[in-house]
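Trainee: Pasting a structure below so you can have a look.
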Amino acid sequence: MMTGRYDPNNIFTKIISGDIPSHNVYEDEICISIMDIMPESKGHVLVIPKAGARNLIDVDPADLAELIKRVQKIAVAVKKTMHADGILLRQSSEEVAGQTVYHLHFHIIPCYAGKQNNKHVTNATMNEELAETAALIKAAI
Ligand code: AMP
């Protein structure tokens, strides 16, 4: 089985430390929230805890409790800013469930009536578009 321990050497710790750039919409002592570079829908953001955890299976419940409050706050802002009809919240734990980055994160994905989200995005979205959307969401939090 491909489950394992948390490895701090991952791309999200480098984003938290600022060693890799990101378009941030929110940050506090608990988490950072950034635009997903391969959005399944415009306004797709990730909420990433600063405390190290591999996924939902190993996260400290106290850390998770704080994190989910931020997830809700950011989801409300994303829904409002993007004029979405609904929000898909997704968290993949382990490869078989679709996890590709092994540092806990929640996806917040805007959904619209009569519109399918992108399933297989291959191209990263333009930086300028991400920056613009990030600024709008940030202003709504
Ligand atoms: P998951 O497949 O649930 O592990 O999600 C990982 C997500 O991280 C994917 O949606 C990627 O597009 C996203 N991602 C990977 N690298 C970056 C990055 N440098 N900045 C923003 N999002 C990223």
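Trainee: Out of (1) open to solvent by 30 Å² or more (accessible area, probe 1.4 Å); (2) out of contact with any Pro (no Cβ under 7 Å at 6 or more places or on another chain); (3) closer than 26 Å to Pro8 by Cα; (4) more than 14 Å from the ligand (Cβ to nearest atom), the odd one out for Asp63 is which?
Mentor: All conditions pass for Asp63, except number (2).
Trainee: Just checking: which of the strands (runs of 3 or more DSSP E) contained wholly in region 1-117 hold 1 or more residues that are out of contact with any helix residue (DSSP H, G or I) (no Cβ under 8 Å at 6 or more places or on another chain) and more than 22 Å from Glu128 (Cβ to Cβ)?
Mentor: 86-90, 106-111
Trainee: What are the pairs, 6+ residues apart or on separate chains, where a residue within region 72-100 that is open to solvent by less than 70 Å² (accessible area, probe 1.4 Å) has its Cβ under 7 Å from a residue that is basic (Lys, Arg)?
Mentor: Sorted first by the residue in region 72-100, then by its partner, the pairs are Met82/Lys42; Ile87/Lys79.
Trainee: A follow-up question, please. Where residues in region 38-57 are open to solvent by 40 Å² or more (accessible area, probe 1.4 Å) and aliphatic (A, V, I, L, M), which of them is nearest to the ligand (Cβ to nearest atom)?
Mentor: Met38
Trainee: Shifting gears a bit: How many residues, within region 13-30, are open to solvent by 60 Å² or more (accessible area, probe 1.4 Å) and within 24 Å of Lys79 (Cα to Cα)?
Mentor: 2
Trainee: Quick one: is Ser33 free of Cβ contacts under 8 Å to residues at least 40 places away in the same chain, open to solvent by less than 60 Å² (accessible area, probe 1.4 Å) and among the hydroxyl-bearing types (Ser, Thr, Tyr)?
Mentor: Here the answer is no, as Ser33 does not meet what is asked.
Trainee: While we're on this one: Filter region 75-121 down to the residues that are over 25 Å from Ile57 (Cβ atoms) and among the aromatic types (Phe, Trp, Tyr) and list them by number.
Mentor: Answer for region 75-121, where residues must be over 25 Å from Ile57 (Cβ atoms) and among the aromatic types (Phe, Trp, Tyr): just Tyr112.
Trainee: Determine, yes or no, whether Ile11 is hydrophobic (A, V, I, L, M, F, W, C), without any contact (Cβ under 8 Å) to a residue 24 or more places away in the chain and within 12 Å of the ligand (Cβ to nearest atom).
Mentor: Here the answer is no, as Ile11 does not meet what is asked.
The values are calculated or read from the model by the stated rules, or taken from the named source; none is laboratory data. What you are looking at is a predicted structure, and each value in this text was computed from that prediction instead of being measured. Counting neighbours? That spans all protein chains shown, and the Cβs are built from the backbone with ideal geometry, glycine included. Note: accessible area is taken over every heavy atom of the protein model, side chains too, but ligands, DNA and RNA are not part of it. Shrake-Rupley method; radii C 1.70, N 1.55, O 1.52, S 1.80 Å.
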